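To start, the structure itself, in structure tokens.
Only the coordinates and a few stated rules stand behind these numbers; no lab work does. The model shown is predicted, which means the values in this text are computed figures rather than measured ones. Cβ sites come from the backbone with ideal geometry, for glycine too, and all protein chains shown count toward neighbours.
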Amino acid sequence: MKILYDLTATQPNWNAKMHGGGNYGIAVFFALVKRNADMECAWDSTRYLDETIQKTCEENGIKLHDVHGKIADDILKAGDFDVYYSALMPEEAHNVPNIHYLCTRHGLRGVEIQADKWALKYRQPLKWRIREYIRCAFPDRFQKRQWKKTVPCYKDTKVKFVVASEHSKYSMLSFFPFLKEDNIKVIWSPSTSVEWQGKPYSREKYIFLVSGNRSEKNALRALVAMDELFTERHELTQGLHVIVAGAVRKDYLVKFQNEDRFRFLGYVDENTLNALYCGAWLFVYPSINEGFGYPPVEAMHFGVPVIASPISSISEVCDYAALYFNPFDYHELKGRLFRMLADKDCYLEYKARSQKRYAEITAKQNRDLDSLCHWIMTGGE
């Protein structure tokens, strides 16, 4: 079957230069190339496209179709395609006859996330602040409105879905009972880890967080917990710092008592990100919504102990290997941090669990990547 592969899913979006859906799409693209899939690709010429993808397309004679100002159906109508696949949920019509429309849905953040006043503590464009005020003031009405906006994406019975967790599958069936269970397949997200031989980012003892400027990733609660711990347990936390990727200091509308203990790096490239994971003493992931959750897995790749939220898919992926806390209660997180600092046996136990769980996760990811490629290449069979 001939595939039109949506590369726009791998390109930067309005919310982030790097994102889990993009990394997922890149991994699947290279897996299909490795399996000699018959495919052409759609991309947006006005946005950055990974250089290795461009080079691979040139070397393998994979045709690129520019969809800027168009929709995928325009390309599908003009070609002899059998399958359209996107690693992100396409927000457009799917009306070309005899096309198998396939996509990966990474979660239902729009309808799952509840009102959270802490979102107002992040510096955001005015329209987003107004949106959060409305969400907090009228939570039920806001969620119902989000549901109504999302319904058209799922009413199209031509689309078959892959989701990265059992959580996402049953959340979809719960929110949208008209969906057919047979049209939703659970296949774990492919591994995005690479063999990395570089040096740790720093010899300092530091706690690491990512995606710091996105309120749904909930980094600010963790930072407040750490700030209080620095003040209350000065001797225990001596020499400990916090490094945050994906945020700069002005992203937060709060004051910290221990400003010198925090370092905000903003956007970092993949090499720096690996160095940060490699050198971290502890990784904290307080996210309040995930469809899969790559960052804890990436931390486990380097044998770093993980403290995480158990919400949505995170506990499904991390299983026994993370020390969990209520992501809406920073006092509970402070207690977990205190335990890791004060109880060496606990720290070493979760370090060992991290290494063991990573091996289990990657084994399943590799098996599931074969299943995903077969699913795409056979039109969702």
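Within the same chain, lysines fewer than 8 places from LYS149 are excluded, and of the rest, those with a Cα less than 22 Å from its Cα are LYS70, LYS127, LYS158, LYS160, LYS169, LYS180. Cβ-to-Cβ counts within 10 Å put ARG141, ARG263 in ascending order as ARG141, ARG263, the fewest first. Ordering of 285-296, 100-111, 199-210 by packing is 285-296, 100-111, 199-210, highest average first (other Cβ atoms within 10 Å, averaged per residue).
Averaging the sequence gap over all C-alpha pairs within less than 8 Å and six or more residues apart, then dividing by the number of residues, gives segment 205-363 a relative contact order of 24 percent.
Computed over the chain, relative contact order equals 16 percent, with contacts defined as Cα pairs under 8 Å that lie 6+ residues apart.
Take the Cα of VAL194, step 7 Å toward its Cβ, do the same at GLU216, and the gap between the two points is 2.7 nm. Taking a straight line from the alpha carbon of LYS205, these lysines sit under 19 Å away, with near neighbours fewer than eight places off in the same chain left out: LYS334, LYS344, LYS351.
3J(HN,Hα) along segment 226-239: 5, 4, 5, 5, 4, 6, 7, 10, 4, 5, 5, 9, 4, x Hz, from the Karplus curve 6.51 cos²θ - 1.76 cosθ + 1.60 with θ = phi - 60°, whole Hz, x for Gly and Pro.
If you take all other residues with their beta carbon under 15 Å from the beta carbon of TYR170, and give Lys and Arg +1 and Asp and Glu -1, the sum is -2. Counting only residues at least eight positions apart within a chain, or on another chain, the aspartates and glutamates with an alpha carbon under 18 Å from that of LYS185 are ASP156, GLU166, GLU290, GLU316, ASP368, ASP370, GLU381. Applying the Kirkwood pairwise sum to the alpha-carbon positions of segment 205-363 produces a hydrodynamic radius of 15.5 angstrom. The amide H of VAL186, built 1.01 Å from its N in the peptide plane, has VAL163 as neighbours under 5 Å, considering only residues 5 or more places off or on other chains. If you wrap the tightest convex hull around every Cα atom of segment 1-154 and split its volume per residue, you get 126 Å³.
Counting Cα-Cα pairs of the chain in 10 Å increments starting at 0 gives whole-percent bin shares of 5, 22, 32, 25, 13, 3, 0.
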